[in-house]
Amino acid sequence: MEDIRIGGPPCPPEVAELRERVAAFVRERVAPCEPVLDGGGPRATAELGRLRREAKAAGLWALPLPAELGGQGQPLGSYAHLAEAEGASDHGPAALGSASLLDALMLRRHGSPGVRERYLKRLVAGELRACYAMTEPGTPGTDPFLTATRAVPAADGGWRVSGRKWFASGAVGADLVTVLARTDGDPPDRDGLSLLLVPTDAPGFRLLRELPVLGAAGHAEFELDEVAVAAGHLIGERGGALGIAGERLQLGRTLRCLRWLGQARRAFDLMRERAVGRSRSRGPLAGLQLVQRHVFESLLALRSTRSLVYEAVDRLDAGLDAHVEVGLAKVAAARTLQHVADAAIQVHGAAGLGPDTPLPALFRTGRAARILDGPDELHITSVARRVLRPDPEADLPGR
């Protein structure tokens, strides 16, 4: 079937061949393993390890990671096109070694010399796994000032950390967890929040349970009970957590948007194939106006969203503030994935609800996307407030 242009900037010629290789790897090797990977547990761990070895052998490992750390150093403007291809499967980034990008950049910029020496290259090589934990039970994840996890100074110059975190993505099997904790003041003080890198094998760290998201593994709840953390494992300055978190969030949300685009395109392609290939007594589904409407609305959403996402990519790549662009892109990409997956399920009928297509998983990711990385309401409010400032031009595209 003829390829349909989805809009936004075309893939640069120097990246196109690599993008096709990434897309083929995800399509032919990662996608068939999705049911096992979604289930979690030892089988998923073993399968992910195999995929990672194959990605390294294929020369596709750690594409956006810094070259001096063992990655391939793709700049954001180029990697964005690869991220779409990786993201066609929710497990693509982990299988191809790019899932560690945010943690590696954070540790390179803000980690102590000892932390950088001890962990960075092993993290990029896939020998260690890291995750990031802000949200706490009973506390809105959008309000970090209510963080109750506390780190108190220890006699040896380190810290003792106590608290509980949940919905930490990638916590199961992680070797390191970056924990948001209060080092000064009390909730809801706006100051006194710090980030600490906690080894998960430290005494007092206890994984409580996995938290499946709409049935899929990947998140967890854990407890810290007087966990001893060395002084050098404070990330950045004491009290400087929110500035570092802001760096992570803008890039992290943009990467998520790119990956959601890849999954939405996958759902769109499945819908087209079904519409053309599924025949009724009066001809193919593609001849029905309501099916044509599903295709039209999905293509409209994809083209509009891709342009928004690449506006965010361009501003981040240029080192500019992108709060408005990222907020618009995040809401649009989450909605688009859910909308296109839903339309594809509708065109498939009962087959779209069963285990023979990835559509249930794509719809699940789209629905969860509207809450994870900040709910739609947070981004809508944040963008609107910036636009409604007395000098809104300071936050609008082209400023």
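None of the figures in this text is laboratory data; all of them are computed from the coordinates on show. If you're wondering where the values come from, they're calculated on a predicted model, not measured in any experiment. Cβ placement follows ideal geometry from the backbone for every residue including glycine, while neighbour counts extend to all protein chains displayed.
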> Setting aside same-chain residues fewer than 8 positions from Lys56, which lysines have a Cα under 20 Å from its Cα?
Replying inline: Lys121
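If we count other beta carbons within 10 Å of each Cβ, what is the order of Phe363, Phe167, fewest first? List each step's numbers first, then the result.
Details: Phe363 23, Phe167 19.
Lowest to highest Cβ neighbour count: Phe167, Phe363.
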> In terms of the Cα gyration tensor, with a ≥ b ≥ c the square roots of its eigenvalues, is the stretch 130-235 rounded because a/c is under 1.5, prolate because a/b exceeds b/c, or oblate?
Replying inline: oblate
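For the stretch 111-155, rounded, prolate or oblate, judged on the Cα gyration tensor with a ≥ b ≥ c (square roots of eigenvalues), a/c < 1.5 rounded, else prolate if a/b > b/c?
Details: a/c = 3.44, a/b = 1.68, b/c = 2.05.
Cα axes put the stretch 111-155 in the oblate bin.
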> Helix 13-25 versus the longest principal axis of the chain: what is the Cα-based angle in degrees, 0 to 90, to the nearest 10?
Replying inline: 90 degrees
> For labels at Ala350 and Glu226 in the simple 7 Å Cα→Cβ model, what's the distance in nm?
Replying inline: 6.0 nm
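What shape does the stretch 243-395 have by the C-alpha gyration tensor, where a ≥ b ≥ c are the square roots of the eigenvalues, rounded means a/c under 1.5, and otherwise prolate means a/b greater than b/c and oblate the rest?
Working: a/c = 2.83, a/b = 2.29, b/c = 1.23.
Prolate, since a/c reaches 1.5 and a/b exceeds b/c.
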> Considering the dipole of the chain built from charges on the beta carbon (Lys and Arg +1, Asp and Glu -1) around the Cα centre, which of Phe145, Ser382, Leu180 is farthest to its positive end?
Replying inline: Ser382
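Within 10 Å, count the other beta carbons around each residue, average over each peptide in 249-261, 229-241, 150-162, and list them highest first.
Values: 249-261: 24.1, 229-241: 18.8, 150-162: 15.9.
Put in order of decreasing packing, that is 249-261, 229-241, 150-162.
Per DSSP H run of at least 4 residues, take -39500 (n - 2.57); add these up for the chain, divide by its residues and hand me the 222 nm value, nearest 500 deg cm²/dmol.
Here the helix-only value at 222 nm equals -15000 deg cm²/dmol.
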>> Can you tell me the orientation of helix 323-348 relative to the chain, as the angle in degrees between its alpha-carbon axis and the longest Cα principal axis, to the nearest 10?
In response: 40 degrees
>> If you fit an axis through the alpha-carbon atoms of helix 359-369 and take the longest principal axis of the Cα set of the chain, what angle between them do you get, 0 to 90°, nearest 10?
In response: 40 degrees
